[in-house]
1. Report the residue count in segment 436-466 for those that are part of a loop (DSSP other than H, G, I, E, B), in contact (Cβ under 8 Å) with a residue 40 or more places away in the chain and not charged (D, E, K, R).
2. Consider segment 594-611. How many of its residues are buried (at least 16 other Cβ atoms within 10 Å of the Cβ) and not hydroxyl-bearing (Ser, Thr, Tyr)?
3. Do you know which of the residues in segment 220-279 that are within 19 Å of Pro369 (Cβ to Cβ) and basic (Lys, Arg) is surrounded by the most Cβ atoms within 10 Å (Cβ to Cβ)?
4. Quick check on segment 330-338. Is at least one of its residues open to solvent by less than 60 Å² (accessible area, probe 1.4 Å), under 31 Å from the mean Cα position of the chain (by Cα) and over 27 Å from Tyr487 (Cβ atoms)?
5. What number of residues within segment 371-420 are part of a loop (DSSP other than H, G, I, E, B), among the charged types (D, E, K, R) and either under 25 Å from the mean Cα position of the chain (by Cα) or not assigned by the TED database to the domain that holds Leu327 (or both)?
6. For segment 534-556, how many residues are assigned to a strand (DSSP E or B) and either outside the structural domain of Ile614 (by the TED database) or at pLDDT below 90 (or both)?
7. Cβ-Cβ distance below 9 Å, separation of 6 or more or different chains: which pairs start in segment 9-24 with a residue that is open to solvent by less than 30 Å² (accessible area, probe 1.4 Å) and end on one that is among the basic types (Lys, Arg) and not in a strand (DSSP E or B)?
Amino acid sequence: LQAYERRFPTCPLIPMFVASDTVNEYKSEDEAIHVIERRCKLDIDAPRLLKKIAGVDYVYFVQKNSLNRRERTLHIEAYNETFSNRVIINEHCSYTVHPDNEDWTCFEQSASLDIKSFFGFESTVEKIAMKQYTSNIKKGKEIIEYYLKQLEEEGITFVPRWTPPVACKSESSTSHPRRPVSPAINIPESATKEGLNNKEILNTSSSPPEPTAGTPDDKLDADYIKRYLGDLTPMQESCLIRLRQWLQETHKGKIPKDEHILRFLRARDFNIDKAREILCQSLTWRKQHQVDYILDTWNPPQVLQDYYAGGWHHHDKDGRPLYVLRLGQMDTKGLVRALGEEALLRYVLSINEEGLRRCEENTKVFGRPISSWTCLVDLEGLNMRHLWRPGVKALLRIIEVVEANYPETLGRLLILRAPRVFPVLWTLVSPFIDDNTRKKFLIYAGNDYQGPGGLLDYIDKEIIPDFLGGECMCEVPEGGLVPKSLYRTAEELENEDIKLWTETIYQSASVFKGAPHEVLIQIVDASSVITWDFDVCKGDIVFNIFHSKRAPQPPKKDSLGAHSITSPGGNNVQLIDKVWQLGRDYSMVESPLICKEGESVQGSHVTRWPGFYILQWKFHSMPACATTNLPRVDDVLASLQVSSHKCKVMYYTEVIGSEDFRGSMTSLESSHSGFSQLSAATTSSSQSHSSSMISR
């Protein structure tokens, strides 16, 4: 408890834990009972996109700690205050004395999550919650060991056990004999060293030393600042030096240039802590996806070179590189269908990397610091086709990645010939653009860009593109419709080795009418826990769980019989032999679960017997209307959405021993198996039980 209490009011080892305030406190007269309630402020590691939609930067939790020194127990309860009408989170931890050895401490932890609604992002919120919960479990031991080491360094290695006040001793000794007092226990040196030597703790907790005024490292050369960085106040200069020094001491690998560090400081108004956080996240992202080498190692597909109507075109009057994008002439739907979001994102990243390179070149050419570029967007031809939902979704995701990793790189955005449909697109996109970035937007309707305050104020007449009435030939592709012959299926796009969003442990499967997809799980120990997490990406399916004492035939790819279609990538497997009979060769252990397109399903099943369990995803046929032979309108529309009677799921499964599964997630992989009510499934090992949750 002495170590645990040092986490408050804030803990540098938990970056998301910003602050806490005590709202209620109670102590009994004999000091045996101590209850304290705190309101904690958390900076959740969630995409800025989601925070923008929710309209919050921080979330608040209420935590109640109940210490009973007489019984030697500590109970911790926590629940969310923010969005409590949409999301209900409850967490409970308890520390108790081991019944067989009073020098041992037992720790139990459980949590539940119930998402009623969250602006259509229920599945995203669930995954964020699981990621955060798992991270907290893994880090809990490290934090306790860190503070135990801190106590040891202060000479505190033993805390006397609580005893009743003198006035109560005689009474308690006659009616309630005390337990024998255990001897003092020294903190194991190996355990404390393990916590203190943890690199993550050292990196997170260490803060850059305050620069001493007058030292050589406290100032940069004035000519260097003027030539490469621009005007900086003494405070801004000091912030740059401190952040750079911290990076040199803690960050392994290539240190970014001062110009790049300065962009992140400016993006956070020179708040070092905030700038350091987003910069470290960006450096990790760049390393993970090899972004530093994208210009040298990646060649854009020919489709992009032919139909992506954008390119670099000289520079503006301030010397900034000028990028021209003829968005109105670009077939965004065709590009997404032909390439997928991943290739488009990679191409946009290559454009930004080229922009950084051009800024460095222009800095040398013009002899003054140039750290951003100007973008000219021509909307001539923009129509409702550009508001195709998957295209807008891809645009929003690209904006999110660029905003997070290329701050303060856009010097000015000139939007020309905005049509009537533009306000619709602007309404969808603008909430996800940083306020500082939005101030750099200049929007012109019709031919307003040709008048006073228009294009000539920012670009020399000699380089105005020909399609805008200028005399300069612009080599930017004209765009046009992408031929449908270049369109690719979702499976083909999925197989491309250009995953930039996230690494995934999920597998994809196709489900056809008459050809379900099945997964075999062999259970040796009864009462094991089978967990699952799957998303229905296309169509409606029925989810089943079967048990068989004998093993089915080895998995085989399905040729889909009459459909004469071979499932690409071998992602349609059938295990249950057609001669098997339900009730004789295998049995159904759970009621069928009908899952609609777009649903995310998580759940668990405690096995009752050893043997072979089969998870099955089967095509769900829409029932016809009972009162007429004519199909309903909803049925017709649904059948049109499921072309060729095909469904698609992405799934993850894991088997966990019930002793490990009880009350908490035991591994990072476990967090993908679902969250709510999982611990309830292990209360009885003699009965079969499952729980599933659907997020809509």
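1. Counting residues in segment 436-466 that are part of a loop (DSSP other than H, G, I, E, B), in contact (Cβ under 8 Å) with a residue 40 or more places away in the chain and not charged (D, E, K, R) gives 2.
2. Here the count works out to 10.
3. Per the criteria, the residue is Arg263.
4. no
5. Matching residues across segment 371-420 total 1.
6. Here the count works out to 6.
7. The qualifying pairs are Leu13/Arg7; Leu13/Lys139; Ile14/Arg7; Ile14/Lys139; Phe17/Arg7; Ser20/Arg7.
Every residue, every condition in (1) surrounded by fewer than 17 Cβ atoms within 10 Å (Cβ to Cβ); (2) under 23 Å from Asn405 (Cα atoms); (3) touching a His at 6+ places or on another chain (Cβ under 7 Å), yes or no:
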{"site": "Asp435", "(1), (2), (3)": "yes, yes, no"}
{"site": "Ala445", "(1), (2), (3)": "yes, no, no"}
{"site": "Lys461", "(1), (2), (3)": "yes, no, no"}
{"site": "Pro465", "(1), (2), (3)": "no, no, yes"}
{"site": "Glu471", "(1), (2), (3)": "yes, no, no"}
{"site": "Cys474", "(1), (2), (3)": "no, no, yes"}
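The values are calculated or read from the model by the stated rules, or taken from the named source; none is laboratory data. Just so it is clear, the model here is predicted, and its values are computed rather than measured. Here the Cβ is made from the backbone with ideal geometry for all residues, glycine too, and neighbour counts use every protein chain on show. Each accessible area value is taken on the protein alone, full model and side chains, heavy atoms only, with ligands, DNA and RNA left out. Shrake-Rupley method; radii C 1.70, N 1.55, O 1.52, S 1.80 Å.
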